[in-house]
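Data first, discussion second: the structure below is written as C-alpha cells.
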Amino acid sequence: MPTSDYVASIRSRIGNDFLLLPGVTAVIRHGDQVLLARHRHSGLWGLIGGGVEPGEEPAEALDREVTEETGARIRIRGIVGTYGGPHLMTTYPNGDRVGYVTTAYDCELLDEPTPTLEELLELGWFPRSAIENLQRHRWIDRVIDDALG
C-alpha cells in the first residue's frame with residue numbers, strides 16, 4: 001500500500017517507531033453478503049479502507065479509499081463502530097510499526113467493482129458463515145458481527 005506524503009514526512013523523523021493513525025473501514029453489504037478484499041501486502045482477506053489524510057473528512061477518506069481499491073462508488077448508510085487495540089497493530093515488511101483506530105461504516109455499492117489490483121489480489125462477496133473459513137485479519141470478525149447484528 002502506498003505511503004501518504006503525511007506519513008512519509010513523519011517516518012523521515014521517527015523511522016520505524018510506532019505510529020498511531022486514524023483510519024476508515026467500509027463494511028460493504030449486499031443482503032447477507034459482505035464484500036471482502038484479499039490484500040496484496042499480507043495475502044489476507046479483509047475489509048476495504050485506509051488512512052484519513054490531514055484536513056480530510058473521514059467519510060471523504062472512505063469514499064476515496066473504496067474508489068481507489070475497487071473503482072466503485074459507495075453510499076454510506078451509517079456508522080458501525082470505532083475499533084482499535086492490539087488486533088489493529090502491525091509491523092509492515094519494511095519494519096514500520098503502526099496501530100490504527102478505525103471508524104467502520106455500513107455501506108452499499110453504487111457501481112460494479114472493477115479493482116485496479118494494485119493493492120488487492122482479488123475481491124469477493126461472502127456470507128458471514130463463509131468468512132470464518134478464510135485466512136483473514138481477525139479484527140474484521142468483530143466489525144462484521146456488529147454490522148450484521
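Points to keep in mind about this one:
- Residue list for segment 68-108, filter: modelled with pLDDT of 95 or more, more than 30 Å from GLY15 (Cβ to Cβ) and not small (Gly, Ala, Ser): ARG73, ILE74, ARG75, ILE76, ARG77, ILE79, VAL80, TYR105, ASP106, CYS107, GLU108
- GLU60 passes every criterion in (1) free of Cβ contacts under 8 Å to residues at least 24 places away in the same chain; (2) part of a helix (DSSP H, G or I); (3) over 26 Å from GLY149 (Cα atoms) apart from (3).
- Any pair with Cβ under 9 angstrom, 6 or more apart, that starts in segment 40-57 at a residue that is within 23 Å of TYR6 (Cα to Cα) and ends at one that is surrounded by fewer than 19 Cβ atoms within 10 Å (Cβ to Cβ) and of a type in the set (Lys, Arg): GLY50/ARG64; GLU53/ARG64; GLU56/ARG64
- Residue list for segment 1-33, restricted to those being within 19 Å of SER129 (Cβ to Cβ), more than 13 Å from the chain's Cα centre (by Cα) and touching a residue at least 12 places away in the same chain (Cβ under 8 Å): ARG29, HIS30, ASP32, GLN33
- Residue list for segment 117-149, restricted to those being surrounded by fewer than 14 Cβ atoms within 10 Å (Cβ to Cβ), assigned to a loop (DSSP other than H, G, I, E, B) and either touching a helix residue (DSSP H, G or I) at 6+ places or on another chain (Cβ under 7 Å) or modelled with pLDDT of 95 or more (or both): ASN133, GLN135, ARG138
The values are calculated or read from the model by the stated rules, or taken from the named source; none is laboratory data. Keep in mind that this is a model prediction, so the values were computed, not measured. Quick reminder, even Gly has a Cβ in these numbers, built from the backbone with ideal geometry, and neighbours come from all protein chains shown.
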